[in-house]
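Here's the structure we're looking at; comments come further down.
The values are calculated or read from the model by the stated rules, or taken from the named source; none is laboratory data. Quick caveat: nothing in here was measured; it's all calculated off a predicted structure. Please note: Cβ atoms are built from the backbone with ideal geometry, for glycine as well, and neighbour counts cover all protein chains shown. Calculation scope for accessible area: heavy atoms of the full protein, side chains included, ligands and nucleic acids excluded. Shrake-Rupley method; radii C 1.70, N 1.55, O 1.52, S 1.80 Å.
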Amino acid sequence: LHADVKPYILLVTVLEVIQRSTEFLKNKGVDSPRLQTELLLAHLLSMPRMQLYLNFERSLSQSELDNFRELIKRRSQREPLQHIVGSTSFCGLELAVNRNVLIPRPETELLAEQGWKFLNSLTPPHSPPPSTINHQLPTALDLGTGSGCLAIALAVRCPSARIIATDVSSAALQLAKENAVRHGVLDRIEFLEGNGFAALNSSHLFDLIISNPPYVPTAEIPSLQIEVRDHDPRLALDGGPDGLSFYRQIAAETKSFLKPGGKVMLEFGDGQAPLIREIFESQKWIVEAIMDDYTQRPRILTAHG
Ligand SMILES: C[S@@+](CC[C@H](N)C(=O)[O-])C[C@H]1O[C@@H](n2cnc3c(N)ncnc32)[C@H](O)[C@@H]1O
């Protein structure tokens, strides 16, 4: 009897693994445990998540189970899913991420979209090929590019745009370049290392300056969600004592880098809108719009000189 039963005991199906792992992650305080489990299993089995539903009865081999257990263990220790699978999706683009870059967030996709719409509005629809009108090509600066998400999305969605992307972190720039190669836009993005505007000179002029600067007040970093606090780079989070240091610097220093008609578009943190408006208006900027994120919280500033 033993010999007959044993093989059945060892068989664990996709559905059973999903159920057990969901329970395990839930008990460890992980948000959306079922979704996280399904995404990790889909990654392990190299199939779209929805395909799992057609494979609920499929049994996992011992090595698949061992590997999956390891992935679930990492996630239960609050390592972000995107670090475990090594990538994330931003504006429909697959981007590599690691500990050296902020994991791009959904609200930043809204900022990217505002950016490419503006750049495309500067490019007449039936203009000559880009090479013949080089001096009129739309230009953008992405300050603090991290994974390169904003610069790459702008380059992909506005094929005539030329972009400079800066960061103080050389490790971030390395990954951003790899992401630009992956999406075939490295020839239109120049990556420069430097603190603030140090990598730029007075000949640099842009139609758009776009940025998602670090905006968490230093004292609030310890109380962030574990995945963020322990895994996003501190450099990408720390916005100084009140979280607004980068906005003061940008408001004070960017006007001279903007072409006539140029705009600044910035993401900022929840609850910071009135202070951001004040910082920019006190430096004589015209605040054109403050846009909400997907949860109806004001998160994106558009301003011109
Ligand atoms: C909030 S992250 C944004 C990354 C990416 N743009 C995004 O939206 O996902 C801020 C970025 O600014 C960079 N950074 C921090 N301090 C900087 C400085 N003084 N000069 C230039 N870049 C800086 C960080 O390395 C980080 O990549």
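Has region 222-234 got at least one residue that is in contact with a Gly (Cβ under 8 Å, 6 or more places away or on another chain), assigned to a loop (DSSP other than H, G, I, E, B) and more than 9 Å from the ligand (Cβ to nearest atom)? No, the conditions are met nowhere in region 222-234. Whenever a residue of region 193-215 is within 16 Å of Ala155 (Cβ to Cβ) and outside any strand (DSSP E or B), it has no partner that is open to solvent by 80 Å² or more (accessible area, probe 1.4 Å) and within 15 Å of the ligand (Cβ to nearest atom) lying with C-beta atoms less than 8 angstrom away and at least six residues away or across chains. Test of understanding: among Gln36, Gln62, which residue is polar (S, T, N, Q) and under 31 Å from the mean Cα position of the chain (by Cα)? Being polar (S, T, N, Q) and under 31 Å from the mean Cα position of the chain (by Cα) holds for just one of Gln36, Gln62, which is Gln36. Glu107: at pLDDT 95 or above, closer than 19 Å to Ala236 by Cα, touching a Lys or Arg at 6+ places or on another chain (Cβ under 9 Å) and not β-branched (Val, Ile, Thr), yes or no? Yes: the conditions hold for Glu107. Cβ-Cβ distances below 8 Å connect the following pairs, each with a first residue in region 145-160 that is more than 16 Å from Ile209 (Cβ to Cβ) and more than 8 Å from the ligand (Cβ to nearest atom), a second residue that is part of a helix (DSSP H, G or I) and of a type in the set (Phe, Trp, Tyr), and a separation of six or more residues or different chains: Arg157/Trp116.
Based on this model, can you work out whether Ile164 counts as more than 18 Å from Glu107 (Cβ to Cβ) and part of a strand (DSSP E or B)?
Against the criterion (more than 18 Å from Glu107 (Cβ to Cβ) and part of a strand (DSSP E or B)), Ile164 qualifies.
Here the condition is being in contact with a helix residue (DSSP H, G or I) (Cβ under 7 Å, 6 or more places away or on another chain), without any contact (Cβ under 8 Å) to a residue 40 or more places away in the chain and either within 14 Å of the ligand (Cβ to nearest atom) or over 19 Å from Val101 (Cα atoms) (or both); of Gly184, Gly239, it holds for Gly239 alone.
Could you tell me which residue of region 216-248 is least open to solvent (accessible area, probe 1.4 Å), considering only residues that are acidic (Asp, Glu) and over 15 Å from the mean Cα position of the chain (by Cα)?
Asp238
Against the definition (crowded, with 23+ Cβ neighbours inside 10 Å, at pLDDT 95 or above and either among the hydrophobic types (A, V, I, L, M, F, W, C) or touching a strand residue (DSSP E or B) at 6+ places or on another chain (Cβ under 9 Å) (or both)), how does Ile163 come out, yes or no? Taking the combined requirement at face value, the residue satisfies it.
Of all residues in region 192-215, which are near the ligand (Cβ under 9 Å from one of its atoms) and open to solvent by less than 80 Å² (accessible area, probe 1.4 Å)? Give the derivation first.
The initial filter retains those residues of region 192-215 that are near the ligand (Cβ under 9 Å from one of its atoms), namely 193-199, 210-215.
Once the filter is applied, which keeps residues that are near the ligand (Cβ under 9 Å from one of its atoms) and open to solvent by less than 80 Å² (accessible area, probe 1.4 Å), region 192-215 yields Gly194, Gly196, Phe197, Ala198, Ala199, Ile210, Ser211, Asn212, Pro213, Pro214, Tyr215.
Out of the residues in region 81-112 meeting the condition of being near the ligand (Cβ under 8 Å from one of its atoms) and part of a helix (DSSP H, G or I), tell me which one is surrounded by the fewest Cβ atoms within 10 Å (Cβ to Cβ). Only one residue tops the list, namely Thr108.
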